[in-house]
Structure formats: structure tokens, C-alpha cells
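Okay, so here's the structure we're looking at.
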Amino acid sequence: MHTALATEELEIDLLLEALFQCYGFDFRGHDRAALKRKLESLMARHGLATVSALQERVLHEAGAGPALLRALSVQHGQPFDDPAHARALRSVLPGYLRGSAMPRIWLAECAGAGEAWTLAIVLAEEALLARTEIFATVSNEDLLADARGAGFPAARMAEYEDNYARSGGTGKLADYLSVEEGRAVLLPHLRARITWAQYNLVTDASFNEFQVIVGRNALPDFGPVLRQRALRLFHESLSLFGALAIDRVDDGDAFDASFQAMLANEPWYKRIA
């Protein structure tokens, strides 16, 4: 007997195949539970009863495919929206960057301008930004365009300032931002240290060597096979004794013996082999 659950699984398989065939984005190896939560949220917003109804929109309505890709991708955050992570950046980065003449940091599957701007401001306060290159990559070209042209509501500056202070900020966040038509924008000389690019962790190869890789948003939605591929990619791209920030390193992960935990309460690891 073909159950409703089996039918839904088949519908999801067909939808993901359609995304891959039509747009070249492969979500077939993503964690199915996380994927279903995102699909259910999108369907509820649009009043759709079945995944097949969503697939029909993706195949026949302009804009529906890119909207789905956006919903399934890493969502963008605000500057300093994770003060604990920003404190970890302040703790880790000086020791891993000061020894390099031109250090490079990769924000893999970056959570938009908010994450990149947070990193740039922390580096500026540590007197490291002027010689550090930040490479921020996302898989979706629409999200890439959003990040490049990003601004945040200036009306929320008090909230951003509070998060900045809780992250260990040594000045005022407003000193790093300009306000243009009600939008807070990172100052040009800080934005100049960030290179944005479209990059797919599922299909693309290593493109540089980095002293630090931050991929904490990249792996939580990946299934086991994709997770191991991404970890191999990070291993290939990270210099020996470089620092890696991800969600966690499990005993069964590829190259788990090559990484050593660095902080007690934050998932930062040093490559030791």
C-alpha cells in the first residue's frame, strides 16, 4: 500500500530532481528533515497543500524556482547577530593571521552581508583587516546580488549596537557604518576587503589556500555524503595549523583525526594533519 508519507517522499524526490535539471542546484543529498521543514514553511506561506503543487509552480511560473532556491539556501542574518561567535572570532583570529604576510579567510556559504561585515569589523579592531583578504561565497546568485548591495534598517541600530557590545566590541558600531536613506551600510574601505563570489560546495573544487575557514552555516543541512565531501574540501583548502569553524566535527567525519578542538564552547578546530 502506498502511504501518504511515501507519496510525499516521492514528491520531494521529483521536486529536487526538477530543481537540479532546471537550475543546476543539487539539494538531493541534503538532510531530508531540514529540507522538509523549509518546504513546509514555504508551502504554508503560499497556501499550497502538496509538494506537487509547489513543483508545478516551480516548473510553470516565472520566479517560483529562484524563490524556492532562496528558501532552501542559508538565510541571511544581521551584523553581530551571534555575539558568542563574534567573541570567538576575536579570540581566534589574531593568533592565526598575524604570522601570515597576506592571510586569507573563506566565509563558506556565508550568511550574507551581516556575517561578512561582522568579520570585517572584528578584523579592523584587531588591526588585521588592512592585509587580510575575505572571500565570501554563496551558492545562489540572487543571494549574492543581495549581499553585494546590502544595507540594514538604520532604525535597528540600537539593536545592532547592543549585539556589538555583547560581542566584545571596543568602540561604537556606528563608527563602521554610514546611514544612507534609512539604511546602514558598511564603510567603503571595509567593504573593499571583501570579495563576493558564487560558489557551490556540492560541485565546485578548492580554489585557494586559507588560514581560516568559517563554514558554520554550510553543513547543518547537508546529509552524510555531502557533509563528508565538504569536510574534504575544507581540509584541502585549509593551510596546515589553520583554523576551521563549523557546526561540529563528529567521530565519523572525514579527516576527524586531522582536526583538534580549540575552544570549549564554540566549534572551532585547528588542522593538525
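The values are calculated or read from the model by the stated rules, or taken from the named source; none is laboratory data. These numbers come from a predicted model, not from an experiment. Note: ideal-geometry Cβ built from the backbone for every residue, glycine included; neighbour counts use all protein chains shown.
Restricted to the stretch 231-251, and to residues that are touching a helix residue (DSSP H, G or I) at 6+ places or on another chain (Cβ under 8 Å) and farther than 22 Å from L97 by Cα, which residue is surrounded by the fewest Cβ atoms within 10 Å (Cβ to Cβ)? The residue in question is D250. Scanning the stretch 35-94 for residues that are more than 26 Å from G114 (Cα to Cα) and not assigned by TED's automatic domain parsing to the domain that holds C22 turns up nothing. Only residues that are outside any helix (DSSP H, G or I), among the hydroxyl-bearing types (S, T, Y) and more than 20 Å from the chain's Cα centre (by Cα) were counted across the stretch 28-77, and they come to 1.
Anything in the stretch 263-273 that is surrounded by 12 or more Cβ atoms within 10 Å (Cβ to Cβ) and touching a helix residue (DSSP H, G or I) at 6+ places or on another chain (Cβ under 7 Å)? List them, or say none. I'd like the intermediate steps shown before the answer.
Residues of the stretch 263-273 surrounded by 12 or more Cβ atoms within 10 Å (Cβ to Cβ): 263, 266-271.
If the condition is that a residue be surrounded by 12 or more Cβ atoms within 10 Å (Cβ to Cβ) and touching a helix residue (DSSP H, G or I) at 6+ places or on another chain (Cβ under 7 Å), then L263, E266, W268, R271 are the ones that fit.
If the condition is being closer than 12 Å to I194 by Cβ and not in a strand (DSSP E or B), then the stretch 125-143 contributes L129, T132. Does the stretch 1-17 hold any residues that are surrounded by fewer than 17 Cβ atoms within 10 Å (Cβ to Cβ) and either touching a Phe, Trp or Tyr at 6+ places or on another chain (Cβ under 9 Å) or part of a helix (DSSP H, G or I) (or both), and which are they? Passing the criteria: A4, L5, A6, T7, E8, E9, L10, D13, L14, E17.
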